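Worksheet for the structure shown next.
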Amino acid sequence: MSGFVVDSTVSSGNSSVAIPTDISGQILDLDEDDDLEVFSKDTTVTDGSSFNASMQTSPASMINQYKFEEDAEDTKDIFVTVDNPESHVTAIETYITYRVVTKTTRSEFDSSEFEVRRRYQDFLWLKGRLEEAHPTLIVHPLPEKFVVKGMVERFNEDFIETRRRALHRFLNKIAEHPIFSSSEDFKIFLTAASGELTSYKKQGPGFLSRMGETVKAVAAAVRGVRNRPQEFTEMQEYVEAFSQKISSLDKVTQRIVREQKEYLEELKECGPTYALWSQSEEELAEPLKDVAGCVDRCCKETEEQVKNLNDNLIPVLHEYALCTETLKAVLRRRDNIQADFEAKTEALATKKADRDTESKVLSLAWDSLVGRSPEEVKQQKQQTLKGEIKEMRDDLDKAEDRLEWANNALKSDWTRWQKDMRTDLRSAFVDTAERNVNYYEKVRCLPCPKYIFLINIHFFGVFWSISCCHFIKAISRLRSSVTALNLIKL
């Protein structure tokens, strides 16, 4: 992959995982526009460092578990479709559900096909459970809960369709992931009836448990990480730079689409104007009708171009803009795990120092009153400290395994994510460039020179606007081609 080299491995037993040595990558080269409006992003990702006790924590099992196969796509055995949104009205709320259809050949499923209905909160629950069970794996982002203009547009058809596509893409990203697709939570989400899913949700950690994890995460963030490995520092720098560039592209593209829509509305008024005009100008009737027809064809092609941008380019850019927040949260959770390990290392060192230098003046004074010998008290205290140190060492070993698991998981998933990101963006950019070239090719139909000359004699301004079309289209085609060639190098 361009801009990404793998030249070293971490091995244990018979399994190995590739470690990236150059993760700087090639970042989209676009200057930030200060006057761009800001779009909301879903930043409600879990920052806690929760860890599933059922995870395999031995180094060999960790590395083997997160070795991703290159040919995973060729062996895909689960297909998920999200469609058919329905509105539901109750006494206390109104919400939308989506049909989720699953087809699979996996033996762990009781049937080869399932059909359930899920609402947005169910998708949010699935994302949270996956992040809780795998804190340093990258979960594809969900669409925002509300659009920028607020709750008024929650049930707008365009908004519902946009969300449906995003939810469909989210589930398919989970289905393509070598770890998430085998999750019990994912299986329950795809197969359980609504009542069963509600009961299953209640089996998760309680409020106090989640609050405790949040407090631990805050404490770890305050302590910070002193010895972060260089590769994770480089990852963080890459994410920050990528976030700026992809967010700029997202905002610029959305602004272009809005301007195109405004232009389209104005263009739609031109065709009827020329048609009416032709009825009052006998000498110009034929060329004016041709101009009206040309404008109508331009309207049709422009409308198709706007639709393609809305359907193919904007969703990909916006999802990866949201994904940068997920990446930042994953890196924070990894840092929290390392901070916990460092804190336990310091606590163990402190306890050992206390064992060697602790003063027993007060203890000896009290114990002499109750008739206990100083030597007996000393041995008892040493035994107590020995037990505490052993317990702390066991906790430290678990924290070390946990940190190693987190690092190996993130390294492997980072490689997979970069590959998917570059494939998705390259495909979206090339497709957009090709569609733009086709668009400008189709709108080249203009009235013949004789008609243009007649229009020029009577109305000079019309001639100027038509003549400029040749230049504008040539420049646009050139820019589209150059853009495709530059962005394909991403």
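Things worth noting here:
- Computed from backbone phi with θ = phi - 60° and the Karplus coefficients 6.51, -1.76 and 1.60, the 3J(HN,Hα) list for region 238-243 is 4, 5, 4, 5, 5, 4 Hz; x is used for glycine and proline.
- Between residue 252 and residue 354, full extension at 0.36 nm per residue minus the direct alpha carbon distance yields a gain of 30.7 nm.
- For region 82-90, backbone phi angles converted through the Karplus equation (6.51, -1.76, 1.60; θ = phi - 60°) give residue-by-residue couplings of 10, 7, 6, x, 10, 8, 10, 10, 10 Hz, Gly and Pro being listed as x.
- Extension gain, residue 279 to residue 379, is 24.8 nm, computed as 0.36 nm per intervening residue step minus the present C-alpha separation.
- Summary of packing: across the peptides 399-408, 111-120, the per-residue average of other C-beta atoms within 10 Å ranks them, highest first, as 399-408, 111-120.
- Between residue 90 and residue 400, residue separation times 0.36 nm minus the direct Cα-Cα distance comes to 106.6 nm.
- When you count the other C-beta atoms within 10 angstrom of each residue and take the mean per peptide, 297-310, 163-176 line up highest first as 163-176, 297-310.
Read-outs: derived from the displayed coordinates by stated rules, not from any lab. If you're wondering where the values come from, they're calculated on a predicted model, not measured in any experiment. Please note: Cβ atoms are built from the backbone with ideal geometry, for glycine as well, and neighbour counts cover all protein chains shown.
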